[in-house]
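The values are calculated or read from the model by the stated rules, or taken from the named source; none is laboratory data. Since the model is a prediction, treat every value here as computed from it, not as a measurement. Note: ideal-geometry Cβ built from the backbone for every residue, glycine included; neighbour counts use all protein chains shown.
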Amino acid sequence: MDCMDNTKKGVKVSDNSEIISNGKTETMLCNNVKEKYDIVGSKSSLLLEERKSNATFERFLQSVISKFNEETSDNTSLSQLNLKIGFIGAGKMAQAICKGFIISKLIKAENVSASSTGMNTSNVESMKNIGVRMANSNADVMHSSDIIIIAVKPHIVSTVLQEINCIEMKSKLFVSVAAGITLEKIEELLPKNTRAIRVMPNTPCLVQCGASVCSPGSSATKEDCDMIVKLMSSIGICHVAPERLLNGVTGLSGSGPAYVFQMVEAMSDGGVKQGLPRDLATKLAAQTLMGAAKMVLETGLHPGALKDAVTSPGGTTISGLHELEKGGLRAALMCAVEAAAKRASELSHS
Ligand SMILES: NC(=O)C1=CN([C@@H]2O[C@H](COP(=O)(O)OP(=O)(O)OC[C@H]3O[C@@H](n4cnc5c(N)ncnc54)[C@H](OP(=O)(O)O)[C@@H]3O)[C@@H](O)[C@H]2O)C=CC1
Ligand SMILES: O=C(O)[C@@H]1CCC=N1
């Protein structure tokens with residue numbers, strides 16, 4: 001979606017599968033309007049000039065500012081709800097979401113509980129350190145929460161849902177982040193008409209830069225979906241999409257951080273081979289990836305156009321790009337998304 005277009009609001013999964021965001025400005029890394037102004041106004045101004053007049057730029061800034069104000073008041077009203085959130089599973093994804101919510105100040109740590117097997121004491125300690133109450137059982141989490149986030153491995157989901165099925169859950173909203181586990185399966189394992197939503201998040205939720213997509217179940221209301229979009233948007237971006245796209249989302253943004261971590265590691269290795277100290281090489285690699293990603297999001301320009309702007313005729317970059325082509329980087333990334341999506345689909349049938 002073009003970042004100039006901040007006028008779309010509301011959440012819906014339309015019949016023709018159009019995906020509409022919550023209207024939040026799609027600049028994950030900038031929660032601060034001043035920062036947005038600085039970034040758009042300086043670093044990428046040359047690129048912006050190619051496609052935007054000053055008047056358009058002003059409109060863009062205005063929309064960013066009003067969006068920021070709207071988001072702030074939205075978050076305030078949501079935090080006033082004093083929502084009680086429970087995590088069944090206290091591992092990597094639960095911690096990323098949970099810490100993200102607490103850092104965003106949308107949810108108070110004292111309103112969060114979590115359960116786990118208890119065997120991984122570092123998970124327990126990590127949750128306790130951020131002020132989350134570790135419950136004695138999954139049932140305890142259920143009783144003390146309005147929204148229950150299922151964050152166990154996919155093959156454990158059935159066991160957990162069967163275990164808690166006996167509890168009164170009319171007033172509860174279920175959110176599953178488990179890869180591949182369909183809403184049909186989740187709804188089948190819960191009492192009829194239970195409100196459920198599937199979300200595919202990613203670990204950068206921890207640093208408010210998550211990319212999430214959610215699909216509402218058959219009994220979830222628009223209000224339920226809006227609430228989850230708002231919650232997940234407090235820790236990144238969140239779109240609503242038909243469930244049939246979720247395996248693809250899993251292959252792209254769910255698993256994607258791992259692909260990028262490998263790229264950072266490999267680029268850092270390249271720097272070290274050129275004699276750079278490891279710390280500096282890793283920092284430069286990560287900052288370069290972040291900066292490039294931010295330019296895609298902030299300018300709305302095609303990544304190919306941004307690539308061309310780095311690449312001087314007969315210069316250094318084209319030599320590097322040629323090597324990436326020879327190594328099949330683009331095909332490898334496409335295959336990675338495809339393979340991970342296929343695996344998500346297998347999980348739904350296992
Ligand atoms: N990691 C990621 O990047 C992403 C993960 N997901 C999904 O999130 C889910 C969790 O993955 P992840 O956080 O990586 O996995 P982890 O292994 O880190 O966490 C799983 C958690 O479930 C707990 N657990 C296991 N059995 C039970 C049980 N019977 N009752 C309660 N808790 C239990 C574990 O307990 P203990 O702490 O004792 O081991 C652990 O805390 C998966 O379904 C995955 O598909 C989705 C998007 C991204
Ligand atoms: O690897 C996995 O199965 C999970 C789901 C998406 C990211 N991690």
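The table below gives the values:
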quantity: Subset of the range 146-172 [among the polar types (S, T, N, Q), out of contact with any helix residue (DSSP H, G or I) (no Cβ under 8 Å at 6 or more places or on another chain) and in a loop (DSSP other than H, G, I, E, B)]; calculated: 171
quantity: Within the range 192-296, helices (runs of 4 or more DSSP H) holding 1 or more residues that are crowded, with 17+ Cβ neighbours inside 10 Å and hydroxyl-bearing (Ser, Thr, Tyr); calculated: 222-233, 256-273
quantity: Residue check, residue 169 surrounded by 14 or more Cβ atoms within 10 Å (Cβ to Cβ), among the hydrophobic types (A, V, I, L, M, F, W, C) and over 20 Å from residue 97 (Cβ atoms); calculated: yes
quantity: Residues of the range 132-145 satisfying the condition of being more than 9 Å from ligand 1 (Cβ to nearest atom), assigned to a loop (DSSP other than H, G, I, E, B) and either surrounded by 12 or more Cβ atoms within 10 Å (Cβ to Cβ) or basic (Lys, Arg) (or both); calculated: 132, 135, 144, 145
quantity: Residue count for the range 92-123, restricted to those that are crowded, with 18+ Cβ neighbours inside 10 Å and near ligand 1 (Cβ under 7 Å from one of its atoms); calculated: 5
quantity: Enumeration of residues in the range 294-305 that are within 21 Å of residue 264 (Cβ to Cβ) and touching a residue at least 40 places away in the same chain (Cβ under 8 Å); calculated: 294, 295, 297, 298
quantity: The range 173-186, residues that are farther than 23 Å from residue 230 by Cβ and assigned to a helix (DSSP H, G or I); calculated: 184, 185
quantity: Matching option when the condition is within 24 Å of residue 342 (Cβ to Cβ), away from ligand 1 (no atom under 11 Å from the Cβ), assigned by TED's automatic domain parsing to the domain that holds residue 152 and in contact (Cβ under 8 Å) with a residue 12 or more places away in the chain, among 228, 186; calculated: 186
quantity: Residue that is surrounded by the fewest Cβ atoms within 10 Å (Cβ to Cβ) [pool: residues in the range 306-319 that are in contact with a helix residue (DSSP H, G or I) (Cβ under 9 Å, 6 or more places away or on another chain) and without any contact (Cβ under 8 Å) to a residue 40 or more places away in the chain]; calculated: 312
quantity: Residues being over 18 Å from the mean Cα position of the chain (by Cα), polar (S, T, N, Q) and either more than 16 Å from ligand 2 (Cβ to nearest atom) or within 20 Å of residue 91 (Cα to Cα) (or both) - total across the range 160-216; calculated: 5
quantity: Residues (within 16 Å of ligand 2 (Cβ to nearest atom) and aliphatic (A, V, I, L, M)) located in the range 243-289; calculated: 245, 246, 249, 252, 258, 260
